Amino acid sequence: MWPPRPQWPTRTALRGHPNRWVIQDPDCGYYDGLSGAVLHWHGGTFTPTLDENGSASVAEAFKTASNTGERQLILSLRTHHPADEDLVLGRALETVWQALTGAPPSGWSTAEPVNLPWSTRQLTDLARSRAPQPTWLIAVGHPDRPALATISVTRTLAGVEENITLTLGYGQDETPPLDTIEPLAMTLATEHGLTSMLTSLRAARRDLTVPPYFETPPIPVSFTLGPGPIKDIGLTHALRPPFNLAPVQLDPAGEPSLHYPLGDGTDAHAWTRLQQLTKHLRGA
């Protein structure tokens, strides 16, 4: 594999100054593997090569990407919990992982490479020992179903928040389980303190590595709001988005949550629908 491809946590770290992912290219010399900017060595570091207008030029190698049919399913969710002695973190992620892969995560750590077997108790103990400072973690799955998650645990005045992003890889002959998302959203809302969840789909590598060329952004599939935000917004207002969209009311007998289907992950207009929806909800 050349050039080497980082996974998402390493990619995120490379975005911050002074880190840079430098790719050697026979045509332009060097370019940035994340932005595509052509680079040159100046003042002891690689810096973008600017044109007469002061803009960075983009390497041709960065523009040329082939669609292999591989995809990534991405779930970005936030949970909220009371900060009591019985709290066990990581259960929301474990539930999602189990529902989408048939098994829990295989390991976790505070950095790559992951070197600890999955344990919600150990994860909780670490976050509790670091509180009130936040804790950032990474979790991985089994090789037969590429999956990678980042978890940020934050102590707030109201309790404890988990911000989770889980990415799963699918090959050309595999179908992402989009029909699982709605019942999963209900489970999270009723049992795991779900605040919100955005599900999206993108054309990207099954192995979850990041190639040094342009990748299309993810396209929203659905958006879910848990009982807390619905109570703040008002159920009547949340049930009436300003366009032809029928939200699904989860657990109508209990504290209501709403699940908004936005598309199948192939129509970029889903971004417009999501923007209109969030504007409507914020205007409550």
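The values are calculated or read from the model by the stated rules, or taken from the named source; none is laboratory data. If you're wondering where the values come from, they're calculated on a predicted model, not measured in any experiment. So basically every Cβ, Gly included, is an ideal-geometry build from the backbone, and we count neighbours across all protein chains shown.
Of everything in the stretch 252-278 that's of a type in the set (D, E, K, R) and touching a Pro at 6+ places or on another chain (Cβ under 8 Å), which residue is modelled with the lowest pLDDT?
The extreme case among them is 255.
Quick test of your reading of the structure: residue 201 fulfils all but one of (1) modelled with pLDDT of 90 or more; (2) part of a loop (DSSP other than H, G, I, E, B); (3) not charged (D, E, K, R). Name the failing condition by number.
Result: residue 201 fails condition (2) only.
Here is a list: 100, 87, 75. Which entry is in contact (Cβ under 8 Å) with a residue 12 or more places away in the chain, closer than 13 Å to residue 150 by Cα, in the same structural domain as residue 226 (by TED's automatic domain parsing) and not aromatic (Phe, Trp, Tyr)?
From the options 100, 87, 75, the qualifying one is 75.
When you scan the stretch 171-187, do you find a residue that is assigned to a strand (DSSP E or B), within 27 Å of residue 69 (Cβ to Cβ) and in the same structural domain as residue 248 (by TED's automatic domain parsing), even just one?
Among the residues of the stretch 171-187, not one is assigned to a strand (DSSP E or B), within 27 Å of residue 69 (Cβ to Cβ) and in the same structural domain as residue 248 (by TED's automatic domain parsing), which makes the answer no.
Inspect the stretch 134-145 for any residue being over 23 Å from residue 109 (Cα atoms), of a type in the set (S, T, N, Q) and either touching a Ser or Thr at 6+ places or on another chain (Cβ under 8 Å) or in the same structural domain as residue 95 (by TED's automatic domain parsing) (or both) and give the result as yes or no.
No, there is no match, as no residue in the stretch 134-145 is over 23 Å from residue 109 (Cα atoms), of a type in the set (S, T, N, Q) and either touching a Ser or Thr at 6+ places or on another chain (Cβ under 8 Å) or in the same structural domain as residue 95 (by TED's automatic domain parsing) (or both).
Residues to consider are 128, 121; find the one that is out of contact with any Leu (no Cβ under 7 Å at 6 or more places or on another chain) and surrounded by 16 or more Cβ atoms within 10 Å (Cβ to Cβ). Let's see the steps before the verdict.
On the way: 121 fails: surrounded by 16 or more Cβ atoms within 10 Å (Cβ to Cβ).
None of the other options fit; the residue is 128.
Take residue 266 and tell me if it is touching a residue at least 40 places away in the same chain (Cβ under 8 Å), of a type in the set (Val, Ile, Thr) and assigned by TED's automatic domain parsing to the domain that holds residue 182.
Yes; evaluated as a whole, the condition is true for this residue.
Look through the stretch 74-97, keep the residues that are in a loop (DSSP other than H, G, I, E, B) and touching a Leu at 6+ places or on another chain (Cβ under 6 Å), and return whichever of them is farthest from residue 126 (Cα to Cα).
Ranking the qualifying residues of the stretch 74-97, first place goes to 90.
Out of 161, 182, which single residue is touching a residue at least 24 places away in the same chain (Cβ under 8 Å) and under 23 Å from residue 269 (Cα atoms)?
182
Kindly establish whether residue 282 is basic (Lys, Arg) and either in contact with an Asp or Glu (Cβ under 6 Å, 6 or more places away or on another chain) or touching a residue at least 24 places away in the same chain (Cβ under 8 Å) (or both).
no
Here is a check on your reading of the model: is residue 153 at pLDDT 95 or above, in the same structural domain as residue 255 (by TED's automatic domain parsing), surrounded by 21 or more Cβ atoms within 10 Å (Cβ to Cβ) and closer than 11 Å to residue 80 by Cα?
yes
Can you tell me which residue within the stretch 18-56, out of those that are among the small types (Gly, Ala, Ser) and assigned to a strand (DSSP E or B), is nearest to residue 214 (Cα to Cα)?
Going through the qualifying residues, I end up with 37.
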